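Participant: Following this message is one structure expressed as structure tokens.
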Amino acid sequence: MNKKILIIGGVAAGTKAASKVKRDFPDSQVTIITKGEHISYAGCGLPYFLGKVIKEKKELVVRTPEEFKNEQGIDVLVKHEAVKVLPEEKKVIVKNLETGEEKEFEYDKLVLATGADPFIPPIKGVDLENIFTLRTVTDALKIRKLLDEGKVKKAVIVGAGLIGLETAENLTHRGVKVSVIELLDQILPPFDREIALLAQKHLNEKGVDIHTSEKVTSFVKNENSKEIIVKTDKGEIPADLVIMSVGVRPNIKLAKDMGLKIGKTGAIKVNEFMETSMPDIYAVGDCAESKNVINNEPAWIPLGSTANKAGRTTGLNLMGTNKNSFKGVLGTSIVKLFDLNLAKTGLSEKDAAKYGFDIETVIVPAFDKAHYFPGNKLIITKLIADKKDHRVLGAQIIGEGVVDKPIDIIATAIHFGAKVEDLTQLDLAYAPPFSMAVASTITAAHVMLNKLEGKVKTVKAHEILDKLNDENVQVIDIREEPEFIIRSIPGSINIPQTELLKRAASLGLDRNKETILVCKVGKRAYMTYCTLKYLGFDKVSILEGGITAYPFELE
Amino acid sequence: MKELYINARGMQCPGPIMQLHKTLKDAEPDTEVVIEVTDSGFKKDVQAWCKKTKNELVSLNEEDGVIIAKIKKKS
């Protein structure tokens, strides 16, 4: 009894593990050691603190060290760095960062919750003034000060991941002209390209300048204007503020130094009980590896939701009485960018291909509420399923409507191993203000089944691009003329549905040509496809998701 | 000057834009048409349509999820 629990790191996972173990085993002696000044803070809220959605710093701090001590009897040492772990002696050498003094702490159980640090690429000039990362409250306070003083007119964000783009939105709301530079050929790397392109379109409409496939080569200070000149392989952009947001890396220095096994993702290897390769040492949160629930492959997806779940598991397991296991992750994530919401769960199309699955995908626009109910908004669902056994492998949902509900439905379904057929059977909540009578998820599953059963042949948006200049292919937009006038795919021709069916019946349509039917969401094209098939046209296909999901240039 | 009203609530695309198109086609120049729509895509569509057809979009508002547009036929 009276076991000494030492926890290194005190944001989400560390404080969660500490709280849980102390709650279940009140006689344990729990100490949290953390390098930073703040503990238990809402790191994910930092972009919104810059945008003043969150007004004051205190709103971000979930709990203070004093609260931990007074309410829970947990000791918290801030501004203390664990410099070395001596596993044989069960001791940790801790340095007080204010006095420089070093002290030894004994433990019975040690928890590493050392988190992840922003990755800063070795670019020349990256250490210039007014170039920041956005990971800690301290970072956010410095940036917020510059914004509040009106010193930032234009900013460059390096990296178009979730945090980078949330920051882009928040800076735009503060009246800052934002440019985002991304090394990869798309923004939001966890999403598939066509979904990312739709998001990019929206960001452009909102005034955010996005540069993909562009590499920052150096930062130079203009001594006259005090601006930072961001030089890239394609040009240069002046900025008053630069935020480096190229991702985070697990902080594994302590673990490596003491010889803990590191997984192939680069994070600390743990089992489902959050135990590391050494006895009585646990690792949890952003520094620890996890597992992909779909294929049991190692996964490292640092998120606050995972850190809290795994932190609880660790707290429960520390005394070794009842072993609680953490099954792993699906990579579920969600982000709001201006009026647009995006979410994903499970494998993306490119992940699935990487892992060698033979997959089918569909893209299906639908409404988030009854189509006649005021306030309904469009959402586009991309489903990814295993061709062989029809298991749902992943989904991505994008639109101005509600996306969190359907993505959570699909995440739950995937967690329990659902097949596409199972999705069509779900008894989901329905009334006009909340859903369509056939929910968007169920519609997407129906389209997927049609495709899996060979009832419809479709063409994806990127495939149509190559065919637009092919004279053996006709891309026919079957919408009404006023719709076609508004926006259409360059190179497509307009023959409204009724006119097309007339021509097809009277042999006024070339059946030897490959024909791609385009409509707004894919529904009219599918109905027309069925009729044409019946009339003996066999070289017909439809554009998946119609004009709505088409991410390339329209005229 | 004449003002016409179209209730296109509950209509799915292309319903609202088709109604507007037909109404304006038959109307005299300078006629103003007010249309109420619940299809959320209409907001962007009506802007683009007016621009391309050179009809004037006098106003565009959203009240409790209902899009209300006022369009004046070109003279």
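Participant: Do the alpha carbons of any pairs in A:Lys327/A:Lys460; A:Lys20/A:Lys405; A:Lys22/A:Lys79; A:Lys226/A:Lys256 sit beyond 32 Å of each other, and which pairs?
Facilitator: Exceeds cut-off: A:Lys327/A:Lys460; A:Lys226/A:Lys256.
Participant: Roughly speaking, what is the centre-to-centre gap between the range A:240-268 and the range A:423-449 when only Cα atoms are used, to the nearest Å?
Facilitator: Computed from Cα coordinates, the inter-centre distance equals 41 Å.
Participant: Further question on the same structure: Taking one equal scatterer on every alpha-carbon of the range A:131-246, how large is log10 of I(q)/I(0) by Debye at q = 0.10, 0.12 1/Å?
Facilitator: Once normalised to I(0) and log-transformed, intensities are -0.27, -0.39.
Participant: Name the long-range amide H neighbours of A:Gly51: under 5 Å, sequence gap of 5 or more, or other chain; modelled H, no Pro or chain starts.
Facilitator: none
Participant: How would you classify the range A:410-555 from its alpha-carbon gyration tensor, with a ≥ b ≥ c the square roots of the eigenvalues: rounded for a/c under 1.5, else prolate if a/b is greater than b/c, otherwise oblate?
Facilitator: Prolate.
Participant: What net charge do the residues around A:Asp108 carry, taking every other residue with its C-beta under 9 Å from that of A:Asp108, with Lys and Arg at +1 and Asp and Glu at -1?
Facilitator: Every neighbour counted, the sum reads +2.
Participant: Normalised radius of gyration for the range A:1-112, please: alpha carbon Rg relative to 2.2 N^0.38 Å, two decimal places.
Facilitator: Compared with the compact-globule rule of thumb, the range A:1-112 sits at 1.14.
Participant: Which of the lysines could be linked to B:Lys25 by a straight reach, that is with a Cα gap under 20 Å, when you skip same-chain ones fewer than 8 residues away?
Facilitator: Candidates past the 8-residue exclusion: B:Lys2, B:Lys51, B:Lys52, B:Lys54, B:Lys70, B:Lys72, B:Lys73, B:Lys74.
Participant: Continuing with this model, one more query. Could you work out [θ]222 nm for chain A from helices alone, using -39500 (n - 2.57) per DSSP H run of at least four and dividing by all its residues? Round to the nearest 500 deg cm²/dmol.
Facilitator: Value at 222 nm, helices only: -8000 deg cm²/dmol.
Participant: Can you give the calculated 222 nm mean residue ellipticity of chain B, where each DSSP H run of n ≥ 4 adds -39,500 (n - 2.57) and the sum is split over every residue, rounded to the nearest 500 deg cm²/dmol?
Facilitator: -10000 deg cm²/dmol
Participant: A further question on this structure: Rounding to the nearest 20 debye, state how big the charge dipole of the range A:458-549 is about its Cα centre with +1 on each Lys and Arg Cβ and -1 on each Asp and Glu Cβ.
Facilitator: Magnitude of the dipole: close to 300 debye.
Participant: Using the Cα centre of chain A as the reference point, and only Cβ charges (+1 on K/R, -1 on D/E), how large is the resulting charge dipole? Debye, rounded to the nearest 20.
Facilitator: 480 debye
Participant: If you count, for every residue in A:484-497, the Cβ atoms of partner chains within 10 Å of its Cβ, what is the mean?
Facilitator: Going residue by residue through A:484-497 and averaging, the value is 2.
Participant: Find, among the GluC sites (Glu not before Pro) in the range A:168-232, those assigned to loop by DSSP (not H, G, I, E, B) with at most 16 other beta-carbon atoms within 10 angstrom.
Facilitator: A:Glu223
Participant: For A:Tyr355, A:Tyr529, what's the fewest-to-most ordering of other Cβ within 10 Å of each Cβ?
Facilitator: The fewest-first ordering by Cβ neighbours comes to A:Tyr355, A:Tyr529.
Participant: Further question on the same structure: Quick one: which of A:Lys151/A:Lys206; A:Lys16/A:Lys336; A:Lys261/A:Lys291; A:Lys344/A:Lys382; A:Lys4/A:Lys90 span more than 18 angstrom between C-alpha atoms?
Facilitator: Exceeds cut-off: A:Lys151/A:Lys206; A:Lys16/A:Lys336.
Participant: Also, quick follow-up: Give the angle, between 0 and 90 degrees and rounded to the nearest 10, that separates the Cα long axis of helix A:440-452 from the longest principal axis of the Cα atoms of chain A.
Facilitator: Its long axis makes an angle of about 60 degrees.
Participant: A follow-up question, please. Listed highest first by mean packing, meaning other Cβ atoms within 10 Å per residue, what order do A:360-370, A:427-437 come in?
Facilitator: A:360-370, A:427-437
Participant: Would you work out if chain A is rounded, prolate or oblate? Take a ≥ b ≥ c from the square roots of the eigenvalues of the alpha-carbon gyration tensor; rounded if a/c is under 1.5, else prolate when a/b is larger than b/c, oblate otherwise.
Facilitator: Prolate is the answer for chain A, as a/c is 1.5 or above and a/b outweighs b/c.
Participant: Additional query: Which lysines, if any, have their Cα less than 17 Å from the Cα of A:Lys455, not counting same-chain residues under 8 positions apart?
Facilitator: A:Lys387, A:Lys388, A:Lys523, A:Lys533, A:Lys539
Participant: Classify the range A:494-555 as rounded, prolate or oblate from the Cα gyration tensor: take a ≥ b ≥ c as the square roots of its eigenvalues, call it rounded if a/c is under 1.5, otherwise prolate when a/b beats b/c and oblate if not.
Facilitator: prolate
Participant: Run through the range A:1-103 and list the GluC sites (Glu not before Pro) located in a DSSP loop whose Cβ has at most 11 other Cβ atoms within 10 Å.
Facilitator: Within the range A:1-103, the qualifying GluC sites (Glu not before Pro) (loop, at most 11 other Cβ atoms within 10 Å) are A:Glu56, A:Glu88, A:Glu89, A:Glu98, A:Glu101.
Participant: Whole angstrom only: what separates the Cα centroid of the range A:180-236 from the Cα centroid of the range A:451-511?
Facilitator: 35 Å
Participant: Here is a further query. Write out the trypsin sites (Lys or Arg not before Pro) in the range A:1-66 meeting two conditions: DSSP loop, and at most 11 other Cβ atoms within 10 Å of their Cβ.
Facilitator: Counting only loop positions with at most 11 other Cβ atoms within 10 Å, the trypsin sites (Lys or Arg not before Pro) in the range A:1-66 are A:Lys55.
Participant: Need the C-alpha centroid separation for the range A:134-176 versus the range A:310-377, integer Å.
Facilitator: Here the answer is 27 Å between Cα centres.
Read the figures in this text as sums done on the coordinates, not as results from a lab. The shown structure was predicted, so the numbers you read here are calculated from the model rather than taken from an experiment. Every residue, glycine among them, receives a Cβ derived from its backbone with ideal geometry; neighbour counts consider all protein chains shown.
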